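For reference, the structure is listed below as C-alpha cells.
The values are calculated or read from the model by the stated rules, or taken from the named source; none is laboratory data. Here the structure is a predicted model, which means the values were calculated and not measured. For neighbour counting, all protein chains shown are included, and Cβ atoms are generated from backbone atoms with ideal geometry for every residue, glycine included. Ligands, DNA and RNA are stripped out before the accessible areas are found, and what is left, the full protein with its side chains, is counted by its heavy atoms. Shrake-Rupley method; radii C 1.70, N 1.55, O 1.52, S 1.80 Å.
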Amino acid sequence: MVQLDEKIYFYLLIIIPVIVVLFLLVLIWKKSTRKKFANTELLKRLTPNRSSNKGVIKLTVLILGLALLIVGLVNPKIGTKLETVKREGVDIVFAVDVSKSMLAEDIAPNRIEKAKRLVSEIINQLASDRIGIIAYAGQAYPQLPITTDYSAAKMFLQGMNTDMLTSQGTAIYQAIELATTFYDDAEQTNRVLFIISDGEDHSEGSTLDAVEDAVDEGITIYTIGVGKEKGAPIPIKRNGILESLKKDTQGETVITKLNKEVLIDISSEGNGEYIDGSNTDAAVEFIKNELLQMDKKEFEAKQFAEYKDQFQWFIGAALLLLFLDIFILDRKTKWLKNLNLFNEKRHE
C-alpha cells in the first residue's frame with residue numbers, strides 16, 4: 001500500500017515539457033546559425049570532437065533527475081505493517097445509473113455528475129461501513145466489490161461515465177440482481193442498496209420481482225432521484241462543446257424526465273425510502289441519520305498501521321543524476337569514439 005503525502009507537487013511536472021520545448025527551440029536555432037556559418041561537411045572538419053548525441057543524453061539525465069526530485073517532494077510512503085482491526089458497520093452497495101439520459105442538464109452540472117457527487121458525499125460521512133459500487137445502463141457492471149477502502153471507491157466513482165457501457169437503456173432489475181451477489185457476509189443483518197437514478201426503467205415488470213428477491217436476501221433498498229419531472233433534452237457533446245440534441249427515430253428531440261413514481265415503488269417494495277437528490281446536503285444528512293439508526297455488525301479488516309517515508313531514495317537518485325549531468329560534455333567521449341559504434345567516417 002502506497003500513500004502520497006504532498007500530491008500538489010505533481011504540478012511541478014509541467015516543467016519537464018517546458019524544458020523539452022526550450023531544448024528543441026535552442027537546437028533549431030543552433031542548427032540554423034551553423035548553416036549560416038558553414039556547410040555541414042566543413043563544420044564536421046572544424047569541430048571533429050563535437051557529439052550530436054550528448055545533448056539528448058544530457059537532456060534525458062536532467063529530465064530524469066527533475067522527475068525523481070519531484071517524486072521525492074511528493075514523499076511516497078510504503079505500508080510496512082499490516083494489522084487486523086475490528087470494525088462495526090453496515091454493508092452498503094451503490095448502484096449508479098450511467099445511461100445516456102443521465103447527461104441531461106436539468107440538475108447542475110448534469111445528472112451523472114450530481115449522482116457521483118451524492119455518492120462521494122455519502123462516503124465522506126461513513127466511518128467503518130463496507131461499500132461496493134455498481135454501474136448500470138442496459139446491463140449492470142460491477143465497479144468495486146465490497147471493501148473498506150474509501151479512497152479506491154472514490155477513484156472508481158470518478159471514472160464512471162455514460163460511455164463506459166455499450167449496452168444502452170436502463171435495466172434497474174439487473175443492478176438489483178447484481179447487488180445481491182455483493183454481500184459476502186452471511187451474518188450481516190443490515191444490507192443496504194442505494195439506487196441513484198433518474199428513474200427511467202425499460203424493464204419495470206422484472207424490476208419489482210428483483211426487488212422482492214433482494215428483500216428476501218435481507219437487503220433494504222433506498223432510491224435517490226436525480227433530475228426534474230419537467231424533463232430536459234439529452235445533449236451530445238464533443239470535447240465539452242454542444243454539437244446537437246439527441247433525437248428519436250421520428251427526428252424529434254428526446255426529452256428525458258425524472259420518473260419519481262418508479263423509484264418510489266422500488267423503495268417502498270424494498271422497505272426503504274425515496275430520497276430527493278436535488279439538495280445534496282439534505283439528502284446526505286437524511287441518509288446519515290438512517291444509517292446511524294441501523295444495527296452495526298462487527299467484522300475484521302486488515303489495514304496498514306505503519307508507513308515509512310521513501311522520499312530519500314528518490315531525492316538521492318535525483319541529486320546523483322543532476323550531479324552527473326554537470327560532467328556530460330558536448331564533446332565525444334574518447335574511448336567511445338575509438339569504438340566507432342555507429343561506423344562513422346573519420347576525417348583526417
Residue check, Ile326 modelled with pLDDT of 60 or more, over 29 Å from Ser128 (Cα atoms), out of contact with any Pro (no Cβ under 9 Å at 6 or more places or on another chain) and open to solvent by 100 Å² or more (accessible area, probe 1.4 Å): yes
Hey, Ser99 among the polar types (S, T, N, Q) and closer than 27 Å to Tyr173 by Cα or not: yes
Complete set of residues in the stretch 267-281 that are open to solvent by 80 Å² or more (accessible area, probe 1.4 Å) and more than 24 Å from Lys230 (Cβ to Cβ): Glu269, Asn271
Inter-residue pairs, beta-carbon under 7 Å, first free of Cβ contacts under 8 Å to residues at least 40 places away in the same chain and of a type in the set (Phe, Trp, Tyr) and in the stretch 153-178, second open to solvent by 10 Å² or more (accessible area, probe 1.4 Å) and in a loop (DSSP other than H, G, I, E, B), 6+ apart: Tyr173/Ser203
Residue that is farthest from Ile134 (Cα to Cα) [pool: residues in the stretch 181-212 that are more than 29 Å from the chain's Cα centre (by Cα) and among the β-branched types (Val, Ile, Thr)]: Thr189
Which listed residue, of Asp106, Asp185, Asp91, is in contact (Cβ under 8 Å) with a residue 40 or more places away in the chain, charged (D, E, K, R) and open to solvent by less than 20 Å² (accessible area, probe 1.4 Å): Asp91
Out of Ala108, Ala135, sole residue that is more than 15 Å from the chain's Cα centre (by Cα) and within 17 Å of Ile224 (Cα to Cα): Ala108
Number of the exception - Val192 against (1) surrounded by fewer than 21 Cβ atoms within 10 Å (Cβ to Cβ); (2) farther than 15 Å from Val262 by Cα: (1)
Within the stretch 117-160, tally of residues that are in a helix (DSSP H, G or I) and open to solvent by 10 Å² or more (accessible area, probe 1.4 Å): 11
In the stretch 330-344, the residues that are loosely packed, with under 12 Cβ neighbours inside 10 Å and either at pLDDT 60 or above or among the polar types (S, T, N, Q) (or both): Asn338, Asn340, Asn343
Residue in the stretch 29-50 that is open to solvent by 50 Å² or more (accessible area, probe 1.4 Å), over 31 Å from the mean Cα position of the chain (by Cα) and modelled with pLDDT of 85 or more present: no
Odd one out for Phe286 among (1) assigned to a helix (DSSP H, G or I); (2) at pLDDT 95 or above; (3) in contact with a Phe, Trp or Tyr (Cβ under 6 Å, 6 or more places away or on another chain): (3)
Filtered residues of the stretch 282-291 (kept if over 13 Å from Ile92 (Cβ atoms) and either over 30 Å from the mean Cα position of the chain (by Cα) or surrounded by fewer than 18 Cβ atoms within 10 Å (Cβ to Cβ) (or both)): Ala282, Glu285, Phe286, Asn289
Test for Leu69: is it open to solvent by 50 Å² or more (accessible area, probe 1.4 Å), modelled with pLDDT of 90 or more and either closer than 30 Å to Ile315 by Cα or not aromatic (Phe, Trp, Tyr) (or both): yes
Residues (more than 30 Å from Leu291 (Cα to Cα) and surrounded by 11 or more Cβ atoms within 10 Å (Cβ to Cβ)) located in the stretch 238-266: Ser244, Leu245, Lys246, Lys247, Thr253, Val254, Ile255, Thr256
Failed item, numbered, when Tyr173 is tested on (1) surrounded by fewer than 23 Cβ atoms within 10 Å (Cβ to Cβ); (2) more than 26 Å from Pro235 (Cα to Cα): (1)
Evaluation of Leu208 against (1) touching a strand residue (DSSP E or B) at 6+ places or on another chain (Cβ under 6 Å); (2) at pLDDT below 95; (3) under 28 Å from Glu273 (Cβ atoms) (one fails), failing number: (1)
